[in-house]
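The values are calculated or read from the model by the stated rules, or taken from the named source; none is laboratory data. Note that the coordinates shown come from a computational prediction; the quantities given were computed from them, not determined experimentally. Positions of Cβ are generated from backbone atoms using ideal geometry, with glycine treated the same way; all protein chains shown enter the neighbour counts. Keep in mind that these areas ignore ligands, DNA and RNA; they rest on the heavy atoms of the full protein, side chains included. Shrake-Rupley method; radii C 1.70, N 1.55, O 1.52, S 1.80 Å.
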Amino acid sequence: MTNRTTSIDTIPRIGVAVIIQRGDTVLVGQRRSATHGDGTWQFPGGHLEFGETVEQCAVREAQEETGLAVRVTGRGPWVDSFFVAEGRQYVTLFVLTRADTGEPEAREPDKCAAWHWCAWDELPEPLFTPIVELKALGWQPPAE
């Protein structure tokens, strides 16, 4: 899919998805969105802001959305997702983190109603497109 026109709607966006692990679970929440992915299950995350590193973005987004203080443990894979109906493209960079204490809060209830700890092989459906693509790569969170 090649599009040679340039406008705000045709510029790919960079999303950062924060895979927060605790024990053998990861944190997911049901997405509320007027633009794309409404009702799907997602990791905390958001747009990379100018001047911040991917890791800084992950820590910021985790804090803003869940209230959890996370520790970055590594960079994960990335996926390139096309949301055809919405006319959007996102390159999603996954960041591996841990949150060993605290309970997540839904700090942005207009974007996510609640957060839940789930085993990787028991993630709820439907999943947000970048997570579907991540799983299709055969990726799994590293063991503790």
query = Hey, among the residues in region 126-144 that are in a loop (DSSP other than H, G, I, E, B) and in contact with a strand residue (DSSP E or B) (Cβ under 8 Å, 6 or more places away or on another chain), which one's most open to solvent (accessible area, probe 1.4 Å)?
reply = 144
request  = Give just the number: which of (1) at pLDDT below 95; (2) open to solvent by 30 Å² or more (accessible area, probe 1.4 Å) does residue 30 not satisfy?
outcome  = (1)
request  = Please name all residue pairs, on different chains or six or more residues apart, with Cβ atoms under 8 Å, provided the first residue is in region 113-131 and is under 19 Å from residue 78 (Cβ atoms) and the second residue is among the polar types (S, T, N, Q) and open to solvent by 50 Å² or more (accessible area, probe 1.4 Å).
outcome  = 120/140
query = Do you know which of the residues in region 83-135 that are aromatic (Phe, Trp, Tyr) and either modelled with pLDDT under 95 or within 12 Å of the chain's Cα centre (by Cα) (or both) is nearest to residue 53 (Cα to Cα)?
reply = 94
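Of everything in region 100-125, what is in a loop (DSSP other than H, G, I, E, B) and surrounded by 14 or more Cβ atoms within 10 Å (Cβ to Cβ)? Give them in sequence order. Before the answer, list the steps.
Of region 100-125, the ones in a loop (DSSP other than H, G, I, E, B) are 100-111, 123-125.
Once the filter is applied, which keeps residues that are in a loop (DSSP other than H, G, I, E, B) and surrounded by 14 or more Cβ atoms within 10 Å (Cβ to Cβ), region 100-125 yields 104, 106, 107, 108, 111, 123.
Among the residues of region 33-50, count how many are over 26 Å from residue 85 (Cβ atoms) and either open to solvent by less than 20 Å² (accessible area, probe 1.4 Å) or touching a helix residue (DSSP H, G or I) at 6+ places or on another chain (Cβ under 7 Å) (or both).
So the count comes out to 1.
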task = Identify the single condition in (1) crowded, with 18+ Cβ neighbours inside 10 Å; (2) over 11 Å from the mean Cα position of the chain (by Cα) that residue 63 does not satisfy, given that it satisfies every other one.
result = (1)
Strands (runs of 3 or more DSSP E) within region 1-91 that include 2 or more residues free of Cβ contacts under 8 Å to residues at least 24 places away in the same chain and over 22 Å from residue 123 (Cβ atoms) = none
ask   = Which condition number in (1) within 15 Å of the chain's Cα centre (by Cα); (2) among the polar types (S, T, N, Q); (3) farther than 15 Å from residue 133 by Cβ; (4) open to solvent by 30 Å² or more (accessible area, probe 1.4 Å) is the one that residue 53 fails?
value = (1)
